[in-house]
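Report on the structure given below.
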Amino acid sequence: MGKKVVIVGAGPAGLTAALELQRMGIADITVVEKERVVGGISRTVNHRGNRIDIGGHRFFSKSDWVMRWWADILPLAETDSPDGFEFKYQGQSRTSLPVEASARAEDENVMLLRSRLSRIYYNSQFFDYPLKLNIDALRKLGLAKSSLFGLSYFYSKMFPRKPEQTLEDFFVNRFGRRLYQQFFKEYTEKVWGVACHEISSEWGAQRIKSLSVLSAVWHSLTSAFSKGKSQAKQTSLIESFVYPKFGPGQMWEVVAKKFVSQGGTLLMDSNVCSIQGDAKEVRSVTCETSGGKFLELPCTHMISTMPVKELVSAYENALSEPASDIAKGLQYRDFITVGLLYREADLPRELPDNWIYIQEPGVQVGRVQVFNNWSPYMVADSEMVWLGLEFFCNESDVLWSMSDQDLIEIGQSEMVKIGLISAEKSLDSVVIRVPKAYPGYFGDAYTNFDILRRELDSIDNLFLIGRNGMHRYNNQDHSMLTAKAAVEQIVAGEIDKDRIWSINVDDSYHEERSA
């Protein structure tokens with residue numbers, strides 16, 4: 001019998017798996033997506049011509065395969081180099097994106113080369129992120145505070161916390177307690193809703209392990225001596241990146257169309273309600289379509305990007321009681337974006353950032369995206385500024401259940417309060433809620449997650465990939481690589497699920513700029 005694959009989820013992981021299966025000769029593929037749009041949290045929301053990138057998605061990767069995969073879908077437009085855009089990471093050339101002769105900025109389906117800038121907003125002043133301990137930063141902090149930060153850092157080097165179990169341990173060991181409390185603690189706890197000492201250090205090891213005070217100082221020194229060169233050449237995908245003309249969702253909309261045009265089945269607005277099988281094998285997936293009909297989809301293989309909690313709930317008692325209990329206890333963090341449109345004149349100062357981390361006390365907003373700086377095509381009118389205010393919460397929180405108008409009013413007042421906007425009200429606004437945006441690295445269930453993982457991995461033809469599919473804070477490129485690994489195993493018939501789980505474990509997160 002030929003292979004018959006059901007993929008749950010049409011985000012980056014699911015759609016990458018679908019297209020790769022087709023490229024490897026498998027034709028019978030069905031993708032089930034519960035939303036009405038593709039892309040997952042990498043989708044783009046279009047509000048009256050103003051587009052929102054949920055969470056912000058820079059397109060860069062240390063993987064040559066991922067970079068070329070993206071370029072194959074959306075070619076890069078208008079670079080200075082006739083040979084393409086060379087990508088360097090930590091001083092080493094890693095890949096080059098080819099520039100198609102027909103790829104012009106006026107073309108619809110292209111990617112643009114964009115500059116990257118993100119900063120921390122604290123005490124009404126901007127600090128570089130990743131943190132650079134240069135003269136400007138020390139001047140803003142003041143001599144006394146800078147001295148305390150330095151002493152605290154050296155103390156942490158002499159007496160590091162061992163074993164390093166919590167995220168607080170992770171931060172303190174790399175930055176010192178004072179710097180951690182100033183620039184990391186409040187924002188991180190706002191994101192996760194729990195104290196840093198309750199979050200596993202694994203999150204830090206996965207996302208920001210390459211950052212430290214020494215790396216920040218070294219980057220500042222090398223930048224000072226090579227300033228002219230670093231500004232003349234945009235060669236690092238840390239300081240510049242490629243980006244779809246109309247936001248990240250454009251990439252996955254094009255992929256979905258290609259998948260369907262090649263004979264794939266894409267069921268939108270369809271929710272997986274049950275999975276039939278046993279502890280060794282998935283036999284079929286049943287979903288409820290938008291029309292209220294129930295479809296049973298027999299399969300030889302299932303690829304899941306749905307939240308692990310929902311997967312186990314749908315799997316009809318195939319797992320042991322301990323594993324099911326762990327799944328029920330997994331926690332997530334939810335996410336709200338409030339889009340606000342202003343005139344450029346409403347900004348007291350220029351905002352060249354892609355996004356800004358808000359460290360000001362007394363406000364709930366955690367981060368602000370400036371969508372114009374992601375791509376000028378994200379805003380309908382070039383004289384307007386289109387902001388995305390990000391709030392982190394749980395579905396059980398008061399914030400989540402507030403009316404859209406109340407959230408808009410909170411956003412407007414907080415922008416004025418911290419001095420980023422001078423106008424009392426925006427010209428337009430929209431509210432977007434994203435449940436289960438971040439898998440939680442805390443709680444007893446997460447501590448015992450490996451028990452659940454082993455039991456799910458023992459189901460021979462079930463493959464977990466992507467962020468929610470693996471309950472792991474993967475980047476977009478890591479999610480794609482997990483899809484690639486799963487597809488290769490399905491096609492070859494050689495199963496090694498540990499190889500999927502190893503992706504992104506030893507890989508440093510890409511926040512640190514290359515020296």
| Inside the stretch 467-480, can you point out the residues that are closer than 26 Å to Asn448 by Cβ, in a helix (DSSP H, G or I) and not charged (D, E, K, R)? | Asn468, Gly469, Met470, His478, Ser479
| message | For the stretch 411-430: of the residues being in a helix (DSSP H, G or I) and in contact (Cβ under 8 Å) with a residue 24 or more places away in the chain, which is farthest from Asn50 (Cα to Cα)? | response | Lys417
| Quick one: which strands (runs of 3 or more DSSP E) sit completely within the stretch 108-202 and have at least 1 residues that are within 21 Å of Phe442 (Cα to Cα) and within 29 Å of the chain's Cα centre (by Cα)? | none
| said: Checking Met67 against (1) modelled with pLDDT of 90 or more; (2) not acidic (Asp, Glu); (3) not in a helix (DSSP H, G or I): exactly one of these is not met. Which one? | reply: (3)
| In the stretch 37-57, what residues are crowded, with 22+ Cβ neighbours inside 10 Å and part of a loop (DSSP other than H, G, I, E, B)? | Val38, Gly39, Arg43, Ile54, His57
| Pro435 passes all but one of (1) closer than 30 Å to Ser284 by Cβ; (2) assigned by TED's automatic domain parsing to the domain that holds Gln22; which number fails? | (2)
| message | Scan the stretch 452-475 and tell me whether some residue there is modelled with pLDDT of 95 or more, among the β-branched types (Val, Ile, Thr) and more than 25 Å from Glu35 (Cβ to Cβ). | response | yes
| query | Any idea which residue in the stretch 284-318 is nearest to Asp460 (Cα to Cα), counting only those that are of a type in the set (A, V, I, L, M) and under 30 Å from the mean Cα position of the chain (by Cα)? | reply | Met302
| Single condition Glu383 does not satisfy, out of (1) in contact with a helix residue (DSSP H, G or I) (Cβ under 9 Å, 6 or more places away or on another chain); (2) under 24 Å from Gln182 (Cα atoms) | (2)
| request: Sort through Gly466, Gly388 and tell me the only one that's buried (at least 17 other Cβ atoms within 10 Å of the Cβ), of a type outside the set (D, E, K, R) and more than 30 Å from Ile303 (Cβ to Cβ). | output: Gly388
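Condition first: in a strand (DSSP E or B) and surrounded by 16 or more Cβ atoms within 10 Å (Cβ to Cβ). Now tell me which residues in the stretch 264-273 satisfy that.
The initial filter retains those residues of the stretch 264-273 that are in a strand (DSSP E or B), namely 265-267, 271-273.
Residues satisfying the conditions are Leu266, Leu267, Asn271, Val272.
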| query | Among the residues of the stretch 284-294, is any touching a Cys at 6+ places or on another chain (Cβ under 7 Å), small (Gly, Ala, Ser) and over 19 Å from Thr16 (Cα atoms)? | reply | yes
| Of all residues making up the stretch 30-75, the number that are under 15 Å from the mean Cα position of the chain (by Cα) and among the polar types (S, T, N, Q) | 3
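The values are calculated or read from the model by the stated rules, or taken from the named source; none is laboratory data. None of these values were measured; they are calculated from a predicted model. Ideal geometry is used to build each Cβ from the backbone, glycine not excepted, and the neighbour counts take in all protein chains shown.
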